[in-house]
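What follows is a single structure, written as structure tokens, with notes after it.
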Number of protein chains: 2
Amino acid sequence: MEGDEEPQHLLMIEPLIDRDQRMSSESALLRRSSINSTSQVALVGAKVCPIESLDYEIIENDFFKQDWRNGEKVEIFKYIFMKWTLCFLVGVMGGLVGFFINLAVENVAGTKFVITSNLMLDRKFMHAFGSFAAINLGLTLFSAIITAFISPAAAGSGIPEVKAYLNGVDAPGIFSVRTLVVKILGNISVVSASLYVGKAGPMVHTVSCIAALLSQGGSKKYRLTWRWLRFFKNDRDRRDLITCGSAAGLAAAFRAPVGGVLFALEEMASWWRSALLWRTFFTTAVVAVILRGLIDVCNSGKCGLFGKGGLIMFDVTSTNTSYHVADVPIVLLLGFIGGLLGSLYNSLLDKTLRVYNYINNKGRAQKIILACTICVVTTFLLFGLPWVSKCKPCPADASEACPTIGRSGNYKNKNTDAEFQPTSLLIFFVTNYFLGILSYGIAAPTGLFVPIILTGASYGRFIGRLSGSRTSLNHGLFAVLGAASFLGGTMRMTVSLCVVLLEITNNLLLLPLVMLVLLVSKTVADMFNNNIYDIIMKLKGFPYLEAHAEPYMRQLTVSDVVKGPLQSFDGIEKVQNIVHVLKTTGHNGFPVIDGPPFSDYRAWFGLILREHILVLLRKKNFLSVPQPTGTDAFKQLSSDDFAKKGSGKADKIEDIEITEEEMEMFIDLHPFTNASPYTAGETMSLAKALLMFREAGLRHLLVVPKDSGLKGKPCSLCIALRVPLTVHVAAVTYAEAACRGNSN
Amino acid sequence: MEGDEEPQHLLMIEPLIDRDQRMSSESALLRRSSINSTSQVALVGAKVCPIESLDYEIIENDFFKQDWRNGEKVEIFKYIFMKWTLCFLVGVMGGLVGFFINLAVENVAGTKFVITSNLMLDRKFMHAFGSFAAINLGLTLFSAIITAFISPAAAGSGIPEVKAYLNGVDAPGIFSVRTLVVKILGNISVVSASLYVGKAGPMVHTVSCIAALLSQGGSKKYRLTWRWLRFFKNDRDRRDLITCGSAAGLAAAFRAPVGGVLFALEEMASWWRSALLWRTFFTTAVVAVILRGLIDVCNSGKCGLFGKGGLIMFDVTSTNTSYHVADVPIVLLLGFIGGLLGSLYNSLLDKTLRVYNYINNKGRAQKIILACTICVVTTFLLFGLPWVSKCKPCPADASEACPTIGRSGNYKNKNTDAEFQPTSLLIFFVTNYFLGILSYGIAAPTGLFVPIILTGASYGRFIGRLSGSRTSLNHGLFAVLGAASFLGGTMRMTVSLCVVLLEITNNLLLLPLVMLVLLVSKTVADMFNNNIYDIIMKLKGFPYLEAHAEPYMRQLTVSDVVKGPLQSFDGIEKVQNIVHVLKTTGHNGFPVIDGPPFSDYRAWFGLILREHILVLLRKKNFLSVPQPTGTDAFKQLSSDDFAKKGSGKADKIEDIEITEEEMEMFIDLHPFTNASPYTAGETMSLAKALLMFREAGLRHLLVVPKDSGLKGKPCSLCIALRVPLTVHVAAVTYAEAACRGNSN
């Protein structure tokens, strides 16, 4: 039960253009901001950008009912086939990209380590430090420059952005080709620069980005378009594919296909259907097969400095995982402290990011200087700290040569209980803890998973050393449990982290212990603050629709939070009126009202989307006299015309030229109006309206009055919009004058 | 995309009592049945029983807003604490029951095998067969008798019943104490009788049943009630706990905690919230810890004939799981044939169950005879078939003694590639295949998982033998993949089966292959029929609300499928009217209409539940004059009064005695009316209404007219009910006369 501590900006009410100049002041108390609904902004990569909601609702208008998807079997088969093909492509690309990033990092960083250690073997320590620092700085500089100049949206993990998208908001630039390229190259160089950042988060963003680009058929800007791919004409199908992408990203990062599926389910997706489980599973299975194939190729030695393990290697084999009931108390303690450390980590990161945002907002130079500063500090610590401790000689009976001697790779040794000094572990833990916090916010694609796992593992092993002979648990096991407790304390996932850790360690016997630790650390940490991605999402200004309502929302009704008269259209509306309304308001949905002489009585007909009206205006689908059109209206339109544009590429009313003569003409909106919008009675509680928005994935909710306009009371009609929702509440706009002419 | 082949009973329209005797005939074409909505019946254990919908919606009335849950922090904390305590209890009980069933089966069946094999060692073959047959028949008879006489609802797997409950229908007897006891004892004896039935399904039902009983605070009938447990007053919280129970059941059956969570998510639950993931995970973690503790105890030899492995043991160790890209074709073939065999299995089982239903409906004697016949056939085959093949001597270098020599247990041997003859495998596979189909439908608690796994494993190993040297895959691996393909072909789960298999084999390296096989077999099998539980659910007559709408539903609106005038109440209604309506209709929700003189105009106020009206009648919450009550109305009522009764224990209007004098009094319904019901415009398409029912977990949907009663048109009001929904469509009832008096 995550409470929210900041009720002061829970409600933001958006007034609409007041056609009748009669502003009602009844809900003035609730008003916090009176900016236009489309001015919802977010800080993405410390750059302010506008945010739009996505349309997840199926728009059921006459045109849709004529659409191919309700048509022939062949078309339906083609649609299903394309869905699976795109999932397959996402899986293949995810596997390839994940492998490429890994390979590039291991080769770049490996070469660097070989150069440095060769110089050290020659006892040229200053030379060694110089080349180490120069390479690190060069790589960081490259990463920061491309991030700052080409795509600021590529900074950071990317998981909060994808999560916000899957919750229903679209921040432009998140899924562009630029972001994709910068994310991949920037992450490779910043990880190779030995900064304390990971590649799992950026990989989730990268593969989601690939999924988004595939779903919109490539990028027009770079002329990389494939018409046969442009099959997903709506946000709903795109959301599904991007969900698969996020699962594939995590699966590629950790070679954890089941963990990837659960990660998408538990952390990323706000809406889930059982069909999605099957499709994400297919995607991650493809990733797993691709990775296995590529690793088979590399194991034959064709990939340069490619190690066998990847970055994370837990020293836990089935021989040393025995545990008993007597070990439970120390495991609980591990989880408890892990939860405390994790929530402290989140809170420190929050504060650090606020400072960094301030610096990053000052300009590109400041961004780059900040990144380089962190790089220099990290380099000094990495090079300097090993001098504090005494070295151990490389054991003579090691199965493979120690990696310090002129080669790159991981040093593997069974039974590591005595390998690390407690002081070394403590220094390593403290360094990791703070460097992780300081490194995340720089202008570069930085992940959180690996630093958190590393920090948690060193903490766990330290506790293992401290507990000494009081427990029979292996220290390698302690490291795994420490990583689990720290992950649970910061990210607050349970099932998915558990499965990811099991897939990393390849040891199912750990399951009950890992579960226990995760549950304890999450419970403890939840008492203090939110999970790390929610904190970052809030900092970036993404509106997020929670799945549960706050208690006070039960005491408010939708009509309590509405404000200002609303714009609506007649079923057959004059072009001039439409253009005026579209130009003077930022709304994306308008109720359509039917009335005499075309129908017997005035009543609402449905809801029409701005983007659909824009298509009609662009196609000049006009009538010289106001009379209903039949199916003729569809003749010059195809369903492709109504296909949703890619992220952030919506049409603008200003771009459409309409002559004076056309202004006097009419449009029959009926065939393009959604006659099945979701509705709510005006006394519906805010809590329930919020649940409806969340459960049905709504952007607009038509609020219908109960009083039915009897006894001379003017007919009133309301509309709730997802667009201007702030942190919690879908702002609701209300108009007494909507059924205008009724009371006259 | 599972199409439905039987559109003829898709629509069942329920007429309501016609107060005005004006039946509209506009939707007569759509009417299939005109029985009362509460007469929805289902065959449970071949016994016809009535079915009610569950109330998942939060009923937001004034009384609810005064309720403790919106009150003090202490109460909220208590509520959360109780939720977790109950999950903990479900986990503990699930672990204990699962262990007890396993222990009992291993001891009963083990003793039987020891007796039989001792007689055979003495070469007394007829004696051996006699005792083997007598014990089997006795156990089967016991199981069939208690099932037939005490709880017919305990027959079969129980998974379809739990799945139907979690989809929103409540068949009485499903979660009673009788069912629980019969399910446990009957399953132990029928499994010990060596019938081809499993214990996983019954275990899911058993633990779900425990969860249901805990959530309603025990059973009144058997005086096993604990007041402090009676904390869950609504179907919503009960649903959550039963979801945890189903996860715990599968976790206990296979010692697969993550698999259990995924099983609940993928197969069982129709509504899922992310909070549930965490809670089911906690429950299965408790199960895993309890099981581990108990097995630790048993390994020290205190549990009689308790083996180490349980029933399912795959011979796959990490040493022999190497596979390459070249092995993919044979794996694909395995999945393809598995899918074909699985869908054939489903279709044969469907036909067998139809025949069995016919026999079982004839009477208890017939039920018992059927069960005994299957037992005799199975016994003959089990005893006779080994004589067909030649025996192999027990290897001298086996690490433990062979189990045939006077002891019970599993025979374990590494590298079994040459252990089984192809003919033996083929005979074993065919016997399993058909005995599994024949055994499921008998009057006893029978599971499907184990027979399907056994059949699939023998099929896989057979393919392995046939492929000979063309593949390097180990035959044990073939057995696992065969089991996966057959499970995928019958049960059509993907992620959960995959994880269960990984947890059984304790080998994560198999993951990509198992995934591939499951995807192929599910895809192939989906072309022919539904998954096995959906088939059984349909046979049993449970209405099931699918997550997706059929294409034709887009062409219908809610008002197309409504029928007959509706009963509604005034805000302050005469007791006599209420009693009359409740007695003459079976509806569970009524719209409440406000009108003069208590309000300015006639408009709908909300929706009131039958069970809440019954509480008011029972508590004699009457007014002598028709005037609004304030908060006084709550004084004699506590939230416990409105607590939902346990499964199938609803109050009846006939049980409430009301005097002539009281009949003339009034009730103010306002404080108890849900003023935030979900509403739909009358032109909403049926497809969208279905999605609303499913997404928001509705029982009632208020259909509001668009025309607003202007220009003298009578105000109309509709209500859609979940109760009388049949296979696909929520039937919708409609009344022009609801706002009666408006047009006068």
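The values are calculated or read from the model by the stated rules, or taken from the named source; none is laboratory data. Since the model is a prediction, treat every value here as computed from it, not as a measurement. Glycine also receives a Cβ, built like all others from the backbone with ideal geometry; neighbour counts cover every protein chain displayed. Areas reflect the complete protein model, heavy atoms only, side chains present, ligands, DNA and RNA absent. Shrake-Rupley method; radii C 1.70, N 1.55, O 1.52, S 1.80 Å.
Calculate the mean, over all residues of peptide B:494-503, of how many other protein chain Cβ atoms lie within 10 angstrom of the residue's Cβ.
So the per-residue partner count for this stretch is 4.
Quick one: net charge of residue B:669's neighbours, Cβ under 13 Å, K/R +1, D/E -1?
With Lys, Arg at +1 and Asp, Glu at -1, the net is -3.
With a ≥ b ≥ c taken as the square roots of the eigenvalues of the C-alpha gyration tensor of region B:69-141, please select rounded if a/c is under 1.5 and otherwise prolate if a/b is larger than b/c or oblate if it is not? Please list the in-between numbers first.
Numbers: a/c = 13.27, a/b = 4.88, b/c = 2.72.
Prolate.
By average Cβ neighbour count within 10 Å, what is the ranking of A:270-276, B:255-261, B:573-579, A:164-170 from highest down?
Ranked from most to least packed, the peptides come out as B:255-261, A:164-170, B:573-579, A:270-276.
For residue A:85, go 7 angstrom from Cα along the Cα-to-Cβ vector, then report the distances to that same point in the other copies in nm, smallest first.
From this label point to the equivalent ones elsewhere in the assembly: 5.9 nm.
For label points placed 7 Å from Cα toward Cβ, what is the shortest-first list of nm distances from residue B:121 to its copies?
6.6
Counting Lys +1, Arg +1, Asp -1, Glu -1, what net charge surrounds residue A:293 among other residues with beta carbon under 15 Å of its beta carbon?
Value of the local net charge: +1.
Give me the net charge for the shell around residue A:257: Cβ to Cβ below 14 angstrom, other residues only, Lys and Arg +1, Asp and Glu -1.
+2
Please list B:278-288, B:464-474 highest first by mean number of surrounding beta-carbon atoms within 10 Å per residue.
Highest-to-lowest ranking by the protection proxy: B:278-288, B:464-474.
Starting from the residue with the highest accessible area, list B:123, A:461 in decreasing order, probe 1.4 Å.
Ranking B:123, A:461 by accessible area, largest first, yields B:123, A:461.
Shielding of A:678-689 by partners, i.e. mean partner chain Cβ atoms within 10 Å per residue?
Taking the mean over all residues of the peptide, I get 6.
Taking residue A:177 in one copy and the same position in all the others, each labelled 7 Å out along Cα→Cβ, what are the pairwise distances from the first, in nm, shortest first?
Its label point is 7.2 nm from the equivalent points in the other copies.
For the cross-link pairs A:83/B:522; B:199/B:390; A:362/A:522; B:538/B:652; B:367/B:644, which exceed 27 Å when the distance is taken from alpha carbon to alpha carbon?
From A:83/B:522; B:199/B:390; A:362/A:522; B:538/B:652; B:367/B:644, over 27 Å: B:199/B:390; A:362/A:522; B:538/B:652; B:367/B:644.
For peptide A:652-662, how many partner chain Cβ atoms fall within 10 Å of a residue's Cβ, on average?
Counting Cβ atoms of other protein chains within 10 Å of each residue's Cβ and averaging gives 0.
With a 10 Å radius around each residue's Cβ, average the other Cβ atoms per peptide and rank B:372-385, A:184-197, A:89-102, highest first.
On the way: B:372-385: 17.3, A:184-197: 25.8, A:89-102: 23.1.
Result, highest mean Cβ count within 10 Å first: A:184-197, A:89-102, B:372-385.
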